[in-house]
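To start, the structure under review is shown below, and the notes come after it.
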Amino acid sequence: MQYHIEHGPAFAWLRVGLGPNERIVAEAGAMVRQSTDLEVETRLNASRKRGFFGLIVAVFVALLRRLVGGETMFVNEFSGPRGGEVVLAPKLSGHIMRRTLDGRRTLFVQTGGYLASGPDIDTRLRFGGLRTLFGGEGLVLLQCTGQGDVFVNSYGGITEVAVDGKFVVDTGHIVAFDGALDFRVRSIGGAKAFLFSGEGLVCEFTGRGSLFIQSRNMSALRSWVIPLLPQ
Amino acid sequence: MHFEIQYRPAHSLATAHLGPGESVRAEASAMVSMTRNLEIQTDGPMGRGGLMKNLKRAMLGGETFFTNTFTARGTPGHVTLAPTLCGDMVVVELQRGEPLYIQGSSYVASPDTVEIDSRWQGFKGFFSGESLFFLEAEGTGPVVVNAFGAIETLDLNGDIIVDTGHLVAFSTGIDYAITKASRGWIASYLSGEGLVLRMSGRGRIYLQSRNPNEYGGAVGPGLPPRKG
């Protein structure tokens with residue numbers, strides 16, 4: 001598989017060249033263009049389990065991802081006997097990054113950040129603690145495991161931070177981070193800071209590993225737009 | 001008359017430089033600034049002048065494609081033009097007999113040597129909800145088109161599948177047909193790709209790296225419901 005990330009950092013897209021029978025999985029609606037040689041298989045955004053009960057579980061998981069994680073309920077898998085090219089684009093303005101997993105390392109991705117992955121990558125929903133459920137900046141994460149590439153999109157530019165010790169990031173600016181990092185969601189300072197500092201919730205990382213942060217924040221955009229909407 | 005594009009690719013701005021007596025036609029509401037010697041005339045989908053005809057068309061729910069024509073009187077002048085969304089713009093040089101088909105919202109401007117036909121209905125009526133509105137530009141001269149995001153210029157010789165939400169324009173020589181985005185029609189609906197075209201032949205396709213509807217779908221949830 002060959003890949004090119006083009007038109008970044010503002011409007012990046014991912015161009016993937018697939019060899020014969022190579023596969024890539026992408027979030028629903030991401031396709032810009034593709035070779036006519038490629039077949040598309042649409043399936044539920046959940047790990048494949050067998051039988052009727054497995055299907056029920058998959059529907060439930062996909063629905064949960066749609067409603068809680070803000071992800072798409074379905075994913076598309078592209079492949080073809082002769083290979084081909086497919087171009088994938090995220091919804092928001094911003095960049096795309098790639099992280100390769102070796103089977104041991106895991107990657108946490110902010111939901112909405114998932115764009116595409118190799119066929120042997122598994123993703124699961126994780127919650128960043130109960131406290132995140134209020135304040136509108138819930139930290140719902142996608143845990144990626146397995147072997148292969150994961151492509152993640154951001155809102156704005158992406159900065160890689162090599163954490164060694166402690167590091168604090170606004171939850172709305174997290175793109176992805178290594179599973180080796182411990183994280184804890186908390187409010188910054190006391191109750192007064194929580195209400196008036198405008199910083200909402202932060203995530204405190206501990207340990208050694210890579211952290212990727214984005215230069216824009218989706219919930220900040222929403223809170224800016226909402227007061228301007230007509231009543 | 002010539003165009004100049006600045007601030008590419010994120011926040012591109014087009015400037016039309018006009019000699020005395022020259023004019024440029026631009027998408028309604030695109031004007032940012034202009035010199036004082038420019039005269040403006042508004043054209044609707046039913047052509048110049050017919051106010052009642054145009055109003056009727058607007059009322060009846062037809063496509064309402066309005067443009068403004070700026071003409072420099074006496075001395076040279078210029079007008080600057082900006083689209084609504086962030087993204088790139090390109091100038092496409094047209095030759096007579098080789099029309100360009102432009103997604104309605106991607107048209108920015110062209111001189112009067114280029115005819116813009118908004119009644120071309122190539123794509124209409126395939127699917128409810130996602131009918132496409134394309135303009136046919138024909139003549140000799142430059143046409144400015146804009147994109148949401150970056151623009152990719154693709155020289156096609158063969159066939160390809162394209163998401164209509166990413167299609168900016170395409171040249172003559174290209175055939176198109178609505179096709180399934182996934183295996184079956186139900187899967188195509190679930191695939192989230194919406195309307196997908198199979199384009200074939202020899203010609204040029206202009207694509208944008210973002211899809212306005214997908215963007216709306218990402219920002220919209222979480223906003224309070226619209227009233228009225």
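Among the conditions (1) exposed (fewer than 14 other Cβ atoms within 10 Å of the Cβ); (2) within 12 Å of chain B (Cβ to nearest Cβ), residue A:2 misses just one, which is (2). Return the total of residues in the range A:62-76 being surrounded by fewer than 16 Cβ atoms within 10 Å (Cβ to Cβ) and not in a helix (DSSP H, G or I). Of the residues in the range A:62-76, 1 are surrounded by fewer than 16 Cβ atoms within 10 Å (Cβ to Cβ) and not in a helix (DSSP H, G or I). Return only the number of the condition from (1) out of contact with any Pro (no Cβ under 8 Å at 6 or more places or on another chain); (2) within 11 Å of chain A (Cβ to nearest Cβ); (3) closer than 30 Å to residue B:2 by Cβ that residue B:160 does not satisfy. Only one criterion is unmet by residue B:160, namely (3). Of all the criteria given as (1) under 19 Å from the mean Cα position of the chain (by Cα); (2) polar (S, T, N, Q); (3) more than 11 Å from chain B (Cβ to nearest Cβ), the one not satisfied by residue A:72 is (3). Note on the range B:2-20: among residues that are of a type outside the set (A, V, I, L, M), over 20 Å from residue B:73 (Cα atoms) and in a loop (DSSP other than H, G, I, E, B), the one that is nearest to the other protein chains (Cβ to nearest Cβ) is B:9. What tally of residues in the range A:5-29 results from selecting those that are modelled with pLDDT under 95 and either more than 10 Å from chain B (Cβ to nearest Cβ) or under 16 Å from residue B:181 (Cβ atoms) (or both)? Total satisfying the criteria: 3. Of the strands (runs of 3 or more DSSP E) contained entirely in the range A:1-61, those carrying at least 3 residues that are touching a residue at least 24 places away in the same chain (Cβ under 8 Å) fall at A:13-18, A:24-27, A:31-35, A:39-44. Being at pLDDT 95 or above, surrounded by 14 or more Cβ atoms within 10 Å (Cβ to Cβ) and of a type outside the set (S, T, N, Q) is the requirement here; does residue A:163 meet it? For residue A:163, the condition - at pLDDT 95 or above, surrounded by 14 or more Cβ atoms within 10 Å (Cβ to Cβ) and of a type outside the set (S, T, N, Q) - is met. Number of residues in the range B:138-157 that are more than 8 Å from chain A (Cβ to nearest Cβ) and surrounded by fewer than 17 Cβ atoms within 10 Å (Cβ to Cβ) equals 4.
Taking the conditions exactly as written (at pLDDT 85 or above and of a type in the set (Phe, Trp, Tyr)), does residue A:196 satisfy them or not? Here the answer is no, as residue A:196 does not meet what is asked. Does any residue of the range A:54-64 turn out to be aromatic (Phe, Trp, Tyr) and at pLDDT below 90? The answer is yes; a qualifying residue exists.
The values are calculated or read from the model by the stated rules, or taken from the named source; none is laboratory data. This structure is a prediction, so every number in the text was calculated from the model and none was measured. Heads up, the Cβs are rebuilt from the backbone with ideal geometry, glycines too, and the neighbour counts pull from every protein chain shown.
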